[in-house]
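First comes the structure, then the notes that go with it.
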Amino acid sequence: MSSSSSSSSSTGPPMSSVAVSPEVAAALARGGAVVALESTIICHGMPYPKNLQTAMEVEAVVRENGAVPATIAILDGVPHVGLSSEQLKSLAISGRQFQKTARRDIAHVVASGGNGATTVSATMFFAHKVGIPIFVTGGIGGVHRNGEQTMDISSDLTELGKTPVTVISAGVKSILDIPRTLEYLETQGVTVAAYKTNEFPAFFTEVSGCKVPCRVDSPEECAKIICANKNLHLGSGILIAVPIPKEYAASGNAIESAIQKALKEAEDKNIIGNAITPFMLDRVKVLTGGSSLEANIALVKNNALLGAKIAVALSDLQQRGQCCTAA
Ligand SMILES: O=c1[nH]cc([C@@H]2O[C@H](COP(=O)(O)O)[C@@H](O)[C@H]2O)c(=O)[nH]1
């Protein structure tokens with residue numbers, strides 16, 4: 001059973017509704033800590049059964065650290081916030097049969113009664129719609145290499161510019177153009193902070209050669225930034241970039257050479273648009289003998305740990321009346 005945040009008017013067509021799980025709805029109603037999680041990473045980013053195992057472990061990390069996990073996906077045309085274990089399992093088994101759903105795809109997937117795995121942009125949209133301010137993922141999309149010619153820029157970046165949700169990620173992969181991604185985030189007015197470092201991390205490695213405008217050293221510090229954003233109604237998102245844990249950082253050089261090979265393959269096969277990221281993720285995984293997948297799983301769990309702590313710190317500030325509670 002799920003509670004529905006829906007609305008309709010007698011004079012117009014019914015507005016779309018979002019099914020919020022009872023656990024998530026109860027946590028939101030009491031001002032508790034909730035962490036949104038995306039589903040593209042499950043359906044398109046990892047193979048079954050590792051994807052299911054990871055999704056369940058990530059939810060467990062969020063719970064162990066005092067927050068309620070809210071995995072977001074579109075099931076039979078209905079956006080869901082908070083999935084049951086059966087729903088999570090069916091999503092993980094279905095994998096690529098779930099359409100990769102960014103903001104631009106939401107209306108079509110809903111109207112056609114389809115199944116959608118939400119990317120960062122779509123997950124942010126739904127999180128904000130139901131009042132969840134924190135969202136944990138592995139990596140966000142960005143400006144693709146040669147993006148200055150192809151204009152292939154992930155809608156994750158524009159979503160961050162217009163939706164006040166804080167995204168915890170391990171930065172962006174070097175399959176993308178990291179300096180231009182940071183430039184674009186600046187243009188979009190996104191607060192970019194790195195956790196316990198001055199450098200923007202590059203997903204598999206702790207370094208990218210790019211400095212960040214802001215460094216944060218504790219969950220409480222992150223929560224204060226989120227409050228300042230809320231209290232001023234800035235309306236834009238925040239990106240908190242967390243370096244991969246040292247013990248899992250595979251050799252940056254080995255992964256970089258795998259990325260170069262995969263980029264060449266993508267070019268030869270003329271893979272473009274939203275097919276590039278899943279193709280690259282898969283090829284880099286194969287070319288690194290699976291070590292990139294293990295690193296990926298470790299960093300998502302690490303991000304979930306921090307995301308839950310930030311959500312708890314934010315909820316504390318809100319309970320003490322120091323932070324605007326409106327989404
Ligand atoms: O390291 C990763 N980067 C990005 C993704 C997924 O890919 C999406 C971006 O896709 P595109 O580049 O087509 O915008 C992200 O929002 C996220 O869902 C992922 O799983 N892992």
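Using helices alone, what [θ] at 222 nm do you get for the chain, with -39,500 (n - 2.57) per DSSP H run of 4 or more residues, divided over all residues and rounded to the nearest 500? After summing the helix terms and dividing by the residues of the chain, the value is -13500 deg cm²/dmol.
Shape analysis of the chain yields a ratio of the Cα radius of gyration to the Kirkwood radius, Rg/Rh, of 0.95.
Among beta bridges from DSSP that stay inside the range 18-132, the antiparallel ones total about 40%.
Only Cα pairs under 8 Å and at least 6 apart count here; give the relative contact order of the range 140-320 as a rounded whole percent.
25 percent
Per-residue packing, averaged as other Cβ atoms within 10 Å, sorts the ranges 231-237, 18-24 into the order 18-24, 231-237, beginning with the highest.
For the range 74-181, what value does the Rg/Rh ratio take when both radii are computed over Cα atoms and Rh is the Kirkwood radius, given to two decimals?
Computed over Cα atoms, the ratio is 0.98.
For the chain, CYS43, CYS210, CYS214, CYS222, CYS324 stand unpaired, since no other cysteine beta carbon lies under 4.7 Å from theirs. Since only THR40, ASN198, GLY235 are under comparison, the one whose Cα sits farthest along the positive direction of the charge dipole of the chain, derived from C-beta charges on Lys, Arg, Asp and Glu, is GLY235. In plain terms, the residue of MET280, MET124, MET56, MET46 with the fewest other Cβ atoms within 10 Å comes first and the most crowded comes last, giving MET56, MET280, MET46, MET124.
Sort CYS214, CYS43 by Cβ crowding within 10 Å, fewest neighbours at the top.
Placing the least packed residue first, the sequence is CYS214, CYS43.
Quick one, can you get me the convex hull of the C-alpha atoms of the range 231-313 expressed as volume per residue in Å³?
In the range 231-313, the Cα hull volume divided by residue count equals 129 Å³.
Within the range 18-132, the proportion of C-alpha pairs whose separation exceeds 17 Å stands at 49%. Remark: PHE204, PHE126, PHE279 ranked as PHE279, PHE126, PHE204, counting other beta-carbon atoms within 10 Å and listing the fewest first. Its Cα centre serving as origin, the chain has a Cβ charge dipole (Lys and Arg +1, Asp and Glu -1) of approximately 220 debye. At what distance in angstrom do the alpha carbon centres of the range 251-327 and the range 131-166 lie from each other? The two parts, judged by their Cα centres, are 12 Å apart. Over the range 147-293, the Kirkwood radius and the radius of gyration, each from Cα atoms, give a ratio Rg/Rh of 0.99.
For the range 172-213, GluC sites (Glu not before Pro) meeting the loop criterion (DSSP other than H, G, I, E, B) and having at most 15 other Cβ atoms within 10 Å: none. Across the cross-link table entries LYS264/LYS309; LYS89/LYS309; LYS261/LYS301; LYS100/LYS162; LYS162/LYS301; LYS50/LYS309, which are compared at the Cα atoms, the separations over 30 Å belong to LYS264/LYS309.
Laboratory data are not the source of any read-out in this text; all were calculated from the coordinates shown. Nothing here was measured: the structure is a model prediction, and the numbers come from that model. We place every Cβ from the backbone using ideal geometry, glycine too, and count neighbours over all the protein chains shown.
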